[in-house]
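A.B. asks: Got a structure here, written out as structure tokens. Questions coming.
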Amino acid sequence: MPIVNRIAALTDEIAAWRHDFHEHPELLYEVHRTAGIVADRLREFGCDEVVTGIGRTGVVGVIHGSKNNSGRVIGLRADMDALPMEEMSGVPYASKTPGMMHACGHDGHTAMLLGAAKYLTETRNFDGTAVMIFQPAEEGGAGGKAMVDDGLMTRWSIQEVYGLHNMPGLPEGHFALTPGPILAAADSFEIVVHGKGGHGGAGPHRAIDSVLIGSEIVGALQSIVARNVDPMKTAVVSACSFHAGSAFNIIPATATISGTARTFEPKVRDLVERRISEIAGGIARAYGGSAETNYTRMYPPTINHERETAIAADVARDVVGTDRVNDRTTPVMAGEDFAFMLLERPGAFIFLGMGDSPECHHPAYKFNDSILGHGASYWVRMVEKTMPAN
């Protein structure tokens with residue numbers, strides 16, 4: 001496989017960076033240590049400009065090619081934050097911070113982009129400008145939006161933007177992407193059911209049972225996808241938590257249900273939001289109670305642009321060969337705040353296969369260091385192929 005030779009020589013160093021990030025995970029915007037190390041490395045490499053504090057704790061490194069006749073500027077993005085969960089991977093460099101773990105591979109994404117930055121500052125064999133974007137708060141904090149709102153695209157005149165994410169289950173070193181929607185809109189909802197408390201044994205008939213109402217709501221929410229959404233469309237509605245009560249014999253006055261909804265199309269998203277509220281309110285009223293629904297639109301769908309997807313697929317083929325690139329992969333119902341960057345500039349998001357591994361967000365998740373060279377080479381080739389020096 002034509003992994004860049006210099007990148008192959010750097011893989012041990014890239015892995016060491018990743019292991020350090022993995023040992024010291026940080027959440028959301030509180031990625032101060034990680035961002036500080038990233039900024040220091042970029043300065044050491046010789047980036048032409050290193051700026052911190054973009055989108056609160058994001059870092060941007062700017063690398064000019066040996067030529068700038070093309071005037072082209074492309075952005076390459078990696079995320080830096082971890083997840084609030086206990087690690088069970090058993091690796092020797094496991095998290096040293098209780099309750100935090102890099103269980104989605106952002107440590108690997110950051111290390112790969114750093115490796116590419118080191119190579120590109122050494123060689124500068126391109127005509128244009130590469131903007132290395134290190135983003136905080138992908139895991140529910142919309143750090144991508146924060147960086148965009150802070151002028152990421154306009155300040156550096158970024159014309160195209162590209163993102164990459166590891167994928168457990170996809171064969172090691174394979175790439176997958178598709179034009180159009182590749183990841184879903186990710187929303188959350190909370191339903192608060194109001195009933196009337198009472199004695200669960202002696203006087204249930206005098207209560208309005210919030211647990212019973214909530215249970216009916218949870219079941220009925222599944223009718224949205226089954227009976228309201230066009231069978232040719234795609235949606236997910238999942239109630240993921242149910243909190244109520246304090247004792248075995250007390251009917252609680254309130255119950256709280258929370259969950260997530262995933263969609264690709266705006267009309268389906270509108271439908272799901274409306275039906276969750278209608279179902280919750282209608283069932284609650286039928287039992288003599290009431291329900292308040294709070295629906296939050298978190299991340300829009302991640303939609304790859306046609307031209308840039310073709311570019312990304314060609315770059316991936318340069319790295320691993322034609323038979324290891326699927327350029328019409330099935331979209332995934334996960335959410336990704338790179339979507340906000342794709343709303344601002346054309347670009348593409350690609351998956352890099354990890355091989356057999358526990359899925360992302362699993363406590364036993366293990367990043368496969370064997371793909372670090374593939375990812376870093378993809379970034380290098382993206383710059384050199386899209387902005388050739390001659």
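A.B. asks: Any chance you could count how many residues in region 53-77 are of a type in the set (S, T, N, Q) and buried (at least 16 other Cβ atoms within 10 Å of the Cβ)? Lay out the reasoning, then the answer.
C.D. replies: Step one: filter region 53-77 for residues of a type in the set (S, T, N, Q), giving 57, 66, 68-70.
Subset that is buried (at least 16 other Cβ atoms within 10 Å of the Cβ): 57.
Adding up the residues that qualify gives 1.
A.B. asks: Another question, then. Those residues that are in contact with a Leu (Cβ under 8 Å, 6 or more places away or on another chain) and open to solvent by less than 30 Å² (accessible area, probe 1.4 Å), I need them from region 78-97; list them, please. Outline the logic, then answer.
C.D. replies: Here is the first cut: in region 78-97, the residues in contact with a Leu (Cβ under 8 Å, 6 or more places away or on another chain) are 78, 81-84.
Across region 78-97, the qualifying residues are A78, D81, A82, L83.
A.B. asks: Further question: Please tell me if A376 is aliphatic (A, V, I, L, M), modelled with pLDDT of 95 or more, within 28 Å of Y93 (Cα to Cα) and open to solvent by less than 10 Å² (accessible area, probe 1.4 Å).
C.D. replies: Yes: the conditions hold for A376.
A.B. asks: Being open to solvent by 20 Å² or more (accessible area, probe 1.4 Å), under 29 Å from E139 (Cβ atoms) and among the hydrophobic types (A, V, I, L, M, F, W, C) is the filter here; which residues of region 264-290 pass it? Break it down stepwise before answering.
C.D. replies: Keep residues of region 264-290 that are open to solvent by 20 Å² or more (accessible area, probe 1.4 Å), which gives 264-267, 269-271, 273-275, 277-278, 282-283, 285-288, 290.
Filter once more, so that each one left must be under 29 Å from E139 (Cβ atoms): 264-267, 269-271, 273-275, 277.
F264, L271 - these are the residues of region 264-290 that are open to solvent by 20 Å² or more (accessible area, probe 1.4 Å), under 29 Å from E139 (Cβ atoms) and among the hydrophobic types (A, V, I, L, M, F, W, C).
A.B. asks: Another question, then. Taking region 278-297 as the search range and keeping residues that are outside any strand (DSSP E or B) and among the small types (G, A, S), which one is nearest to L183 (Cα to Cα)? Walk me through how you get there before you give the answer.
C.D. replies: First, the residues of region 278-297 that are outside any strand (DSSP E or B): 278-289.
Filter once more, so that each one left must be among the small types (G, A, S): 280-282, 284, 286, 288-289.
Values: A280: 27, G281: 30, G282: 32, A284: 33, A286: 37, G288: 40, G289: 37 Å.
So the residue we want is A280.
A.B. asks: Would you list the helices (runs of 4 or more DSSP H) that sit entirely within region 135-228 and hold 3 or more residues that are open to solvent by 20 Å² or more (accessible area, probe 1.4 Å) and within 30 Å of F242 (Cβ to Cβ)? Working first, answer last.
C.D. replies: Working: elements: 143-149, 152-155, 210-223.
Filter on region 135-228 gives 210-223.
A.B. asks: Among the residues of region 110-117, is any touching a residue at least 60 places away in the same chain (Cβ under 8 Å), under 24 Å from M382 (Cβ atoms) and open to solvent by 10 Å² or more (accessible area, probe 1.4 Å)?
C.D. replies: Filtering region 110-117 for residues touching a residue at least 60 places away in the same chain (Cβ under 8 Å) gives 110-117.
From what's left, under 24 Å from M382 (Cβ atoms): 110-117.
From what is left, the residues that are open to solvent by 10 Å² or more (accessible area, probe 1.4 Å) are none.
No, there is no match, as no residue in region 110-117 is touching a residue at least 60 places away in the same chain (Cβ under 8 Å), under 24 Å from M382 (Cβ atoms) and open to solvent by 10 Å² or more (accessible area, probe 1.4 Å).
A.B. asks: Can I ask one more? Return the residues of region 107-129 that are part of a loop (DSSP other than H, G, I, E, B) and hydrophobic (A, V, I, L, M, F, W, C); say none if nothing qualifies. Explain how you work it out, then say what you get.
C.D. replies: So in region 107-129, the residues part of a loop (DSSP other than H, G, I, E, B) come out as 124-126, 128.
Correct list: F126 only.
A.B. asks: Do you know which residues across region 229-277 are part of a loop (DSSP other than H, G, I, E, B), touching a residue at least 40 places away in the same chain (Cβ under 8 Å) and of a type in the set (S, T, N, Q)?
C.D. replies: Across region 229-277, the qualifying residues are T234, N249.
A.B. asks: Ok, one more. How about region 299-324: which of its residues are charged (D, E, K, R) and either in contact with a Pro (Cβ under 8 Å, 6 or more places away or on another chain) or under 21 Å from G144 (Cα atoms) (or both)?
C.D. replies: Pass one, region 299-324, residues charged (D, E, K, R): 306-308, 314, 317-318, 323-324.
Scanning region 299-324 gives E306, R307, E308, D318, R324.
A.B. asks: Select, from A389, A364, the only residue that is touching a Pro at 6+ places or on another chain (Cβ under 7 Å), of a type in the set (G, A, S) and open to solvent by 10 Å² or more (accessible area, probe 1.4 Å).
C.D. replies: Working: A389 fails: touching a Pro at 6+ places or on another chain (Cβ under 7 Å).
Within the list A389, A364, the selection yields A364.
A.B. asks: Which residue out of E292, E278, E359, E273 is acidic (D, E), under 17 Å from the mean Cα position of the chain (by Cα) and under 30 Å from I217 (Cβ atoms)? Let's see the steps before the verdict.
C.D. replies: Working: E292 fails: under 17 Å from the mean Cα position of the chain (by Cα); E278 fails: under 17 Å from the mean Cα position of the chain (by Cα); E273 fails: under 17 Å from the mean Cα position of the chain (by Cα).
Selected residue: E359, the only one of E292, E278, E359, E273 that is acidic (D, E), under 17 Å from the mean Cα position of the chain (by Cα) and under 30 Å from I217 (Cβ atoms).
A.B. asks: Looking only at region 302-327, count every residue that is outside any helix (DSSP H, G or I) and either in contact with a strand residue (DSSP E or B) (Cβ under 9 Å, 6 or more places away or on another chain) or closer than 19 Å to G75 by Cα (or both) and tell me the total. Can you show your working first?
C.D. replies: Taking region 302-327 as the starting set, the residues that turn out to be outside any helix (DSSP H, G or I) are 302-305, 321, 325-327.
Retained after the next criterion (residues that are either in contact with a strand residue (DSSP E or B) (Cβ under 9 Å, 6 or more places away or on another chain) or closer than 19 Å to G75 by Cα (or both)): 302-305, 325-327.
Looking only at that region, the number is 7.
A.B. asks: Out of the residues in region 229-251 that are over 19 Å from P266 (Cα atoms) and within 26 Å of the chain's Cα centre (by Cα), which is most open to solvent (accessible area, probe 1.4 Å)?
C.D. replies: Kept after step one, since they are over 19 Å from P266 (Cα atoms), are these residues of region 229-251: 239-251.
Adding the requirement that they be within 26 Å of the chain's Cα centre (by Cα) leaves 239-242.
Working: A239: 39, C240: 98, S241: 33, F242: 76 Å².
Looking at the filtered set, the residue picked out is C240.
The values are calculated or read from the model by the stated rules, or taken from the named source; none is laboratory data. Everything quoted here is computed from the prediction, not taken from an experiment. All Cβ positions, even for glycine, are placed from backbone atoms using ideal geometry, and neighbour counts span all protein chains on display. What goes into the accessible areas is simple: the full protein's heavy atoms, side chains included, and nothing from ligands, DNA or RNA. Shrake-Rupley method; radii C 1.70, N 1.55, O 1.52, S 1.80 Å.
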